[in-house]
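Visitor: Pasting a structure below so you can have a look.
The values are calculated or read from the model by the stated rules, or taken from the named source; none is laboratory data. In this text, all values refer to a predicted model and were calculated from it rather than measured experimentally. So basically every Cβ, Gly included, is an ideal-geometry build from the backbone, and we count neighbours across all protein chains shown. These area figures cover heavy atoms from the full protein model, side chains too; ligands, DNA and RNA do not enter into them. Shrake-Rupley method; radii C 1.70, N 1.55, O 1.52, S 1.80 Å.
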Amino acid sequence: MNTQAPTVPDPSGRVERAARHGRPLDPDDPLAETNLRPVLDAAGWRLARYEDARHHFLPRAVRVG
């Protein structure tokens, strides 16, 4: 029986993840704020908070209407 807890990767932002995969951060990335905001707006969501720090990435959206 395996009693070890599963390994959870360290939190990271978009830049750190791109670097880990050996590529620069692409401005066309669908998770970039300038790309994510209009997609959410069109789907009836409002981007209420967008955090893209070195050690975490957290967009928070709220339903409109």
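Visitor: Could you state the accessible area per residue of the chain in Å², with a 1.4 Å probe and every protein chain left in place?
Guide: 81 Å²
Visitor: Can you give the local net charge around residue 55? Use residues other than it whose beta-carbon is closer than 9 angstrom to its beta-carbon, Lys and Arg +1, Asp and Glu -1.
Guide: Result for the local shell: -1.
Visitor: Follow-up. Using the Karplus curve 6.51 cos²θ - 1.76 cosθ + 1.60 with θ = phi - 60°, what ³J(HN,Hα) values do you get for each residue of segment 36-53, in whole Hz, with x for Gly and Pro?
Guide: 6, 4, x, 5, 5, 4, 5, 8, x, 10, 10, 6, 8, 8, 9, 10, 10, 8
Visitor: Using the beta-carbon distance between residue 62 and residue 25 and R0 = 35 Å, what value does 1/(1 + (r/R0)^6) give for FRET efficiency, to the nearest 0.05?
Guide: 0.85
Visitor: Take every Cα pair under 8 Å in the chain that's 6+ residues apart, average their separations, divide by the length, and report that relative contact order as a whole percent.
Guide: Relative contact order, the chain: 31 percent.
Visitor: Give the long-range amide H neighbours of residue 45: residues separated by 5 or more places, or on another chain, with amide H under 5 Å away, using H modelled in the peptide plane at 1.01 Å from N.
Guide: Long-range HN contacts for residue 45: 64.
Visitor: Based on the Cα coordinates of the chain, what is the per residue volume of their convex hull in Å³?
Guide: On the way: hull volume 8.7 nm³, N = 65.
Per residue, the Cα convex hull of the chain comes to 134 Å³.
Visitor: For residue 51 and residue 39, calculate 0.36 nm times their separation in residues minus their Cα-Cα distance, and state this gained length in nm to one decimal.
Guide: 2.6 nm
Visitor: Could you list which residues have their amide H under 5 Å from that of residue 61, counting only those 5 or more apart in sequence or on another chain, with H placed in the peptide plane?
Guide: 48
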